[in-house]
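A.B. asks: My questions will all concern the structure given below.
The values are calculated or read from the model by the stated rules, or taken from the named source; none is laboratory data. Computed from a predicted structure; not experimentally measured. All Cβ positions, glycine included, derive from the backbone under ideal geometry; neighbour counts span all protein chains shown. For accessibility, only protein heavy atoms count, side chains too; no ligands or nucleic acids. Shrake-Rupley method; radii C 1.70, N 1.55, O 1.52, S 1.80 Å.
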Amino acid sequence: MSERANGELTAMFRRLIRETGPISLLQFMGESNARYYTSRDPLGSGGDFITAPEISQMFGELAGLWLADLWSQMGSPERVLYVELGPGRGTLAADALRTVARFGLKPQVHFVEGSESLRAVQRGAVPGVTHHDDVSSLPDDAPILLVANEFFDALPIRQLLRTPGGWRERMVGLEGDELVFVAGDKPMDAAVPEQWRGADEGTLIETCPAAASVMAEIAERLAGQGGAALVVDYGTARLSAGSTLQAIRSHQKVDAFAAPGEADLTAHVDFGQLSETAAQHGAHVMGLATQGRWLSALGIDARLEALQRQSPENAAKLQRQRDRLVEAEQMGELFKVMGLSGGGWPKQGAGFVS
């Protein structure tokens, strides 16, 4: 997107706030990310951030291995759907599908992707893919093998602040021409989870209604259609108080209000809430593991050795890629992996401790 288009989005927010009052962070983040993702390919060294599948083929291969293992335990049903939410450039899917094909699994491929520019890239990586705007239009007549890697972190969040007058929504207002955070004037106590109701004044918490909605639909599909799902993202087993909102542009953190539509706005995923939602809607939660532990359990070190034997001149580079995915001080600890299943599929998957 051009700087002029970015300026138009900022001007739109200013005009809206002046005419109707402060807007919710939920709206600001949703509209900013909608503009951001529909206007570009944000991935890779020339973009704003890099994801695990772009770092190494090992990530997608091991995700495919995990799915193929559960599929084979079910007797290798012929009709299966591979579904990916926010599939980026299609790199993860290409690596996973190449891996599952070795076991005879050739699923129909469905991507949930709103960006036309990314859809074009994905068609090149995975010919024959069917695209969807959201989960609701996916077929419902076959088991699904679903992957969501760094999908939930970009969904718009709501921030709630405990003020002297009770809980209020954290809004986006104006101070002169500058976008700033302000407290809303409407009571929001009913939107606060039970465990936070009595929190001290000044406490700020985050919720993500969109994440709960998407997870509910995934769980209901798993329960009704059968299948399994992998959710990989950065976050915690249970969010603590405080803001986790961040904006990334050109691989650097920037102010969330500096360039709406030009930076990727994300927040930490509350895996505890996702797990509860999944269970409430009929899915079985296999567990939650750190990305490093999960990849190690799936055999990333054995795969690294095999790739190093095939390409000894790239041995050091392959080692660095493995370390970035696995080591605690890099992606290994902050990123989590959650496994789900439903409809009579196995309740235990590789890498999760029962």
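A.B. asks: Which of the listed residues, 211, 268, 112, is farthest toward the dipole's positive end in the chain, when Lys, Arg count +1 and Asp, Glu count -1 at the beta-carbon?
C.D. replies: Result: 112.
A.B. asks: If you restrict to DSSP beta bridges whose two residues both lie in the chain, what percentage is antiparallel, to the nearest 5?
C.D. replies: 65
A.B. asks: Could you grab the relative contact order for the range 200-256? Cα pairs under 8 Å, six or more apart, rounded to a whole percent.
C.D. replies: Relative contact order comes out at 41 percent.
A.B. asks: Relative contact order of the chain, please, whole-number percent, based on alpha carbon pairs below 8 angstrom and at least 6 residues apart.
C.D. replies: Relative contact order comes out at 20 percent.
A.B. asks: Taking only Cα atoms and a 10 Å spring cutoff, compute GNM fluctuations for the chain and point out the largest among 20, 38, 266.
C.D. replies: Highest fluctuation of the listed residues: 20.
A.B. asks: Would you tell me the accessible area of residue 82, worked out with a 1.4 angstrom probe on the heavy atoms of the protein chains, in Å² to the nearest 10?
C.D. replies: Probe radius 1.4 Å; accessible area of residue 82 about 10 Å².
A.B. asks: With each run of n ≥ 4 DSSP H residues scored as -39500 (n - 2.57), what mean residue ellipticity at 222 nm is computed for the chain after dividing by its residue count and rounding to the nearest 500 deg cm²/dmol?
C.D. replies: Theoretical 222 nm ellipticity from helices: -11500 deg cm²/dmol.
A.B. asks: If packing is taken as the mean number of other Cβ atoms within 10 Å per residue, what is the order of 203-211, 221-229, highest first?
C.D. replies: Per-residue Cβ counts within 10 Å, averaged per peptide and sorted highest first, yield 221-229, 203-211.
A.B. asks: Let me ask something additional. Dipole size in debye (nearest 20) for the chain around its Cα centre, Lys and Arg Cβ +1, Asp and Glu Cβ -1? Walk me through the numbers before you get to the answer.
C.D. replies: Working: 32 positive and 45 negative charges, 130 e Å.
Here the size comes out at about 620 debye.
A.B. asks: Continuing with the same structure: Residue by residue, what Karplus-based ³J(HN,Hα) values in Hz, rounded to whole numbers, does the range 113-118 have, using 6.51, -1.76 and 1.60 with θ = phi - 60° and x for Gly and Pro?
C.D. replies: Karplus values, whole Hz, x for Gly and Pro: 8, x, 8, 5, 5, 6.
A.B. asks: Straight distance only, please: which lysines reach the Cα of residue 253 with their own Cα at less than 24 Å, same-chain residues fewer than 8 apart left out?
C.D. replies: Cα-Cα hits under 24 Å: 336.
A.B. asks: Using θ = phi - 60° and the Karplus curve 6.51 cos²θ - 1.76 cosθ + 1.60, what whole-Hz ³J(HN,Hα) does each residue of the range 330-347 get, with Gly and Pro shown as x?
C.D. replies: 10, 9, x, 9, 5, 7, 10, 10, 10, x, 10, 8, x, x, x, 6, x, 8
A.B. asks: May I ask you to list the aspartates and glutamates whose Cα is less than 14 Å away from that of residue 186, ignoring any residue fewer than eight positions away on the same chain?
C.D. replies: In chain and number order, the partners are 169.
A.B. asks: Can I ask one more? Let's test the formula: R0 of 22 Å, r as the Cβ-Cβ distance of residue 119 and residue 98. What FRET efficiency results, to the nearest 0.05?
C.D. replies: E(calc), rounded to 0.05, equals 0.60.
A.B. asks: Moving on to the next point. Taking the Cα centre of the range 98-156 as origin, sum charge times position over the Cβ atoms of Lys and Arg (+1) and Asp and Glu (-1), and report the length of that vector in debye to the nearest 20.
C.D. replies: 500
A.B. asks: Taking the Cα centre of the range 176-304 as origin, sum charge times position over the Cβ atoms of Lys and Arg (+1) and Asp and Glu (-1), and report the length of that vector in debye to the nearest 20. Working shown, then result.
C.D. replies: Numbers: 8 positive and 17 negative charges, 130 e Å.
Computed about the Cα centre, the dipole is about 620 debye.
A.B. asks: Follow-up. Return the sequence-ordered ³J(HN,Hα) values of the range 100-110 in whole Hz as given by the Karplus equation 6.51 cos²θ - 1.76 cosθ + 1.60 applied to θ = phi - 60°, using x for Gly and Pro.
C.D. replies: Each residue's phi maps through the Karplus curve to give 5, 4, 4, 9, x, 8, 10, x, 5, 10, 10 Hz.
A.B. asks: Considering only protein heavy atoms and a 1.4 Å probe, what is the carbon-and-sulfur percentage of the accessible area of the chain?
C.D. replies: 50
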